[in-house]
2 protein chains.
Amino acid sequence: MAELITIEQNILRKNADVAADNRAEIERRGAFAVGLVSAPGSGKTSLLERTLKALQGRLRAAVIEGDVQTDRDARRIAALDVPVVQIVTNGTCHLEARMVQGALQRLPGDVDVLFIENVGNLVCPASYDLGEHRRVVLTSTPEGDDKPLKYPAMFRTADALIVNKVDLLPYVAYDVEQAKAFALQVRPGLVVFETSCVSGDGIDRWIQWLLDERAIHLRACPTQPASASTT
Amino acid sequence: MAELITIEQNILRKNADVAADNRAEIERRGAFAVGLVSAPGSGKTSLLERTLKALQGRLRAAVIEGDVQTDRDARRIAALDVPVVQIVTNGTCHLEARMVQGALQRLPGDVDVLFIENVGNLVCPASYDLGEHRRVVLTSTPEGDDKPLKYPAMFRTADALIVNKVDLLPYVAYDVEQAKAFALQVRPGLVVFETSCVSGDGIDRWIQWLLDERAIHLRACPTQPASASTT
């Protein structure tokens with residue numbers, strides 16, 4: 001057991017080193033990176049579709065798609081004419097920094113915001129820094145409002161929480177205030193958005209947060225080259 | 001990397017040995033064990049609540065609950081006066097056979113059917129035999145109909161698929177026939193149930209399958225002591 005723990009610590013240490021390299025490379029390109037994590041089917045790709053459409057003409061976006069199998073999500077993103085690299089993990093339950101490192105080499109250099117969509121898994125991705133600047137966890141109303149308590153690591157390591165599928169609230173037993181309270185209990189200060197990718201509710205506020213966080217990031221990292229576009 | 005693969009193979013080999021012991025112990029008690037796996041929030045505990053109520057007076061049931069954190073699910077089961085043991089994995093993303101082995105020692109001996117609810121995770125539990133006789137994977141309609149293709153291992157290792165939350169079909173983009181076709185592509189012969197734990201739709205058929213599969217199992221394992229109750 002001690003042997004296993006040592007190996008896990010080594011893996012996470014190496015991952016953190018590569019994640020730091022990724023972050024430096026992303027900043028060298030003048031980009032701002034946002035990681036998206038959630039359970040399977042919470043709506044990460046649907047949120048990305050809404051987000052990319054909203055950012056069109058404002059920021060140059062690119063996407064790294066992580067999936068256990070298939071390039072279905074990457075094809076949805078490519079349909080929006082956004083540069084996308086699919087990582088198929090072939091059974092691995094989370095993205096690791098070295099996978100993102102490989103994907104970065106296949107993306108164009110002129111990107112303002114890079115989204116990294118992780119494998120649908122509310123447990124394992126929590127431990128792996130990918131080099132993103134902000135991590136956003138999604139949970140959707142049909143999943144139940146107790147997920148922050150039952151899967152605390154993922155909420156504890158996030159900067160923002162998106163409560164998605166609020167259009168289904170009339171049909172499911174879900175207490176948004178309860179979910180928020182649980183999330184804030186696990187991660188005080190978490191920013192919360194309530195969205196529907198069907199109706200578009202809450203998307204504007206989420207987009208404004210993205211733009212604001214990118215601006216904060218650009219001020220904090222003044223050594224990078226100026227971006228060609230403006231927010 | 002080769003070192004890691006060897007360690008993983010050793011872990012899975014040891015797990016398979018303990019799972020075989022668990023199965024023998026469960027059979028010695030004359031019980032039939034069913035594993036439940038799904039993404040977070042697909043409705044495993046709600047299905048269990050419906051199932052335990054339907055089995056009352058017919059079979060003596062018990063439950064092993066696996067969760068990353070909290071005993072919320074075990075408390076829901078205990079409220080039905082059913083023996084339940086909670087395994088809190090403390091961050092581990094799946095149940096392992098040795099955890100179930102420990103839980104078995106804390107359950108009563110006179111059980112006809114034992115349900116083992118895994119951690120909500122559509123990736124990692126697929127690799128770990130727990131000693132169950134049948135494995136049932138749930139997917140719910142709000143998650144989208146492409147999950148069998150995107151998380152194939154979990155569907156490939158299952159004996160039955162429950163498409164849950166069919167009460168939400170009018171409000172979500174989900175094609176049940178498409179989901180079934182994807183699941184059967186990954187796992188030919190998979191038995192499929194369409195259920196709602198809100199309306200009760202499909203529960204009768206699922207219960208009948210449980211009773212039938214238990215009867216098949218009892219005929220196949222004649223060495224075990226006769227059960228005190230009848231189906």
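The values are calculated or read from the model by the stated rules, or taken from the named source; none is laboratory data. Just so you know, these numbers come straight off a predicted model, no measurement behind them. Glycine also receives a Cβ, built like all others from the backbone with ideal geometry; neighbour counts cover every protein chain displayed. Ligands, DNA and RNA are stripped out before the accessible areas are found, and what is left, the full protein with its side chains, is counted by its heavy atoms. Shrake-Rupley method; radii C 1.70, N 1.55, O 1.52, S 1.80 Å.
Worth pointing out:
- When B:LYS44 is tested against (1) in contact with a Leu (Cβ under 8 Å, 6 or more places away or on another chain); (2) closer than 21 Å to B:THR157 by Cα; (3) of a type in the set (Lys, Arg); (4) more than 14 Å from chain A (Cβ to nearest Cβ), exactly one condition is not met: (4).
- Qualifying position, being in a helix (DSSP H, G or I) and either surrounded by fewer than 18 Cβ atoms within 10 Å (Cβ to Cβ) or among the polar types (S, T, N, Q) (or both), among B:PRO188, B:PRO170: B:PRO170
- Subset of the range A:138-159 (residues that are open to solvent by less than 20 Å² (accessible area, probe 1.4 Å) and more than 14 Å from chain B (Cβ to nearest Cβ)): A:ALA158
- Strands (runs of 3 or more DSSP E) contained in the range A:42-137 and holding at least 1 residues in contact with a helix residue (DSSP H, G or I) (Cβ under 7 Å, 6 or more places away or on another chain), open to solvent by 20 Å² or more (accessible area, probe 1.4 Å) and not charged (D, E, K, R): A:84-88
- Residue within the range B:46-65 that is in contact with a Lys or Arg (Cβ under 7 Å, 6 or more places away or on another chain), on the phi < 0 side of the Ramachandran plot and among the hydrophobic types (A, V, I, L, M, F, W, C) present: no
- Here A:GLY35 does not qualify as facing chain B (nearest Cβ under 10 Å) and either buried (at least 19 other Cβ atoms within 10 Å of the Cβ) or part of a helix (DSSP H, G or I) (or both).
- Any hit, the range A:93-114, residues being at pLDDT 95 or above, closer than 22 Å to A:PHE155 by Cα and of a type in the set (Val, Ile, Thr): yes
- Members of the range A:127-137 that are under 27 Å from A:VAL172 (Cα atoms) and within 14 Å of chain B (Cβ to nearest Cβ): A:VAL137
- Scanning the range B:38-69 for residues that are of a type in the set (A, V, I, L, M) and within 17 Å of B:GLN86 (Cβ to Cβ) yields B:LEU48, B:LEU52, B:ALA61, B:ALA62, B:VAL63, B:ILE64, B:VAL68.
- Tally of residues being of a type in the set (Phe, Trp, Tyr) and either part of a loop (DSSP other than H, G, I, E, B) or within 14 Å of B:LEU168 (Cβ to Cβ) (or both) across the range A:138-167: 1
- A:LEU95 vs. criteria more than 29 Å from B:LEU169 (Cβ to Cβ), away from every other protein chain (no Cβ under 14 Å) and of a type in the set (A, V, I, L, M, F, W, C): no
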